[in-house]
Amino acid sequence: MHKLFVRFLVVAALLATAGNLHARENTVETAEKPRAGVIRVKLQAEAARMVGKAPRMKAKGAIDAGTAPLTKAAQQVKAVKIQPMLPYNAKFAEQRAKFGLDRWYEVEFDENVDPQTASKIFSNVAGVERSEVIVPMQLKEGNGNFVSTTRPPMKATAADYMFNDPQLPAQWHYQNFGTNPGSVAGSDVNLFEAWKISTGRPEVLVAIIDGGVDYLHEDLAQNMYVNEAELNGTPGVDDDGNGYVDDIYGYNFCTMSAEIYPHSHGTHVAGTVAAVNNNGIGVAGVAGGDGSKDSGVRMISCQVFDSRSGTPEGDFAKAIVYAAEMGATIAQCSWGWGAPGYCEQAVIEAIDYFTESARSE
């Protein structure tokens with residue numbers, strides 16, 4: 001049986017990524033302000049070795065970054081921490097090194113220092129291959145601005161619909177019979193024909209890189225990935241050694257915690273991917289199975305948007321690498337940067353890492 005591999009990276013940021021990938025800092029202007037108090041730097045191999053996994057602190061809290069030029073730059077921006085971008089994971093250390101992900105570091109500094117200025121300072125330091133600010137992503141669809149229809153859904157009939165989900169007739173984009181007002185027959189993805197071949201298999205893991213998924217939702221719970229090592233492990237302990245504590249259903253890359261906070265858009269797209277089919281509840285999922293427990297893909301929530309006030313936006317590079325290392329071969333991504341031609345190399349390399357990891361599954 002052939003392995004299922006689908007590249008489903010709907011990332012608007014990739015529309016023009018070829019423009020400036022090899023520059024030492026990202027200089028394209030964006031409407032969004034860079035995140036305060038942090039930049040990313042990619043170090044050359046020798047510099048990364050000297051910085052090490054845990055930079056030492058000098059007297060009075062000053063950072064010893066491992067080399068004199070890096071230490072001087074850290075002092076200029078009033079840095080309080082320099083640490084690897086990714087938490088250590090022995091299982092994937094060699095694979096990360098192949099893609100240079102082990103050489104990405106985050107520099108945290110005084111928020112009164114302009115991030116662009118800090119990035120420029122580090123871009124001129126010996127041993128720094130690239131320096132970049134971190135610009136907030138934007139959801140490229142929905143983002144709370146969808147409109148709920150008041151038109152009651154058509155009643156499904158056994159002759160027309162394969163499953164008994166009550167909202168399936170309203171999902172005209174799956175199979176459009178032209179019976180909904182204003183709809184055009186055939187304007188759809190012809191999903192019913194695909195379902196005759198497969199409705200989704202549980203060995204396929206889909207990463208929902210979006211708002212947090214309501215993993216207890218009655219139409220989603222059966223198709224959620226569960227990290228058994230963490231579920232049955234000790235609370236507060238990284239039982240599976242992947243660098244993330246208590247990540248049972250995924251991880252919140254906004255708060256950097258295992259608390260997945262339900263988000264309307266993240267839950268909505270999860271329903272499109274794999275709401276449980278043929279359970280007499282809600283909607284149908286594209287790969288939601290046929291209602292039996294041994295059907296339907298599994299989904300892991302990689303939260304990068306959080307609707308709570310004051311919650312920082314998520315770390316997309318970390319989320320993508322995490323998804324790859326958890327075994328996801330498909331990623332749902334409805335986001336991108338706000339400026340044409342703008343990209344962040346750390347995120348691009350994380351996407352490359354995901355793609356290669358999925359290809360080898």
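Please list 3J(HN,Hα) in residue order for region 106-119, calculated via the Karplus relation 6.51 cos²θ - 1.76 cosθ + 1.60 where θ = phi - 60°; whole Hz, with x for glycine and proline.
Calculated HN-Hα couplings, in order: 10, 10, 9, 8, 4, 5, 7, 7, 5, x, 5, 5, 4, 5 Hz.
Ordering 349, 129, 228, 111 by how much accessible area each has at a 1.4 Å probe, largest first, what is the list?
Greatest to least solvent exposure: 111, 228, 129, 349.
What does the convex hull of the Cα atoms of region 279-344 come to per residue, in Å³, rounded to a whole number?
Once divided by residue count, the hull of region 279-344 is 157 Å³.
With every protein chain left in place, what is the accessible area of residue 254 in Å² (1.4 Å probe, nearest 10)?
My reading of the accessible area for residue 254 is about 10 Å².
Working with all protein chains in place, sort 253, 177 by solvent-accessible area computed with a 1.4 Å probe, largest first.
177, 253
Using Cα centres only, tell me the gap between region 283-361 and region 190-247 in whole Å.
12 Å
For region 237-252, just list the computed ³J(HN,Hα) in residue order, Karplus coefficients 6.51, -1.76 and 1.60, θ = phi - 60°, integers in Hz, with x standing in for Gly and Pro.
Result, ordered by residue: 10, 7, 5, 9, x, 8, x, 10, 8, 6, 7, 6, 10, x, 8, 9 Hz.
Run the 1.4 Å probe and let me know the accessible area of residue 198, rounded to the nearest 10 Å².
50 Å²
For residue 167 and residue 309 in one chain, what is 0.36 nm times their gap in residues minus the Cα-Cα distance, to one decimal in nm?
Additional length available on full extension: 47.9 nm.
The values are calculated or read from the model by the stated rules, or taken from the named source; none is laboratory data. Source: prediction; values computed, not measured. Note: accessible area is taken over every heavy atom of the protein model, side chains too, but ligands, DNA and RNA are not part of it. Shrake-Rupley method; radii C 1.70, N 1.55, O 1.52, S 1.80 Å.
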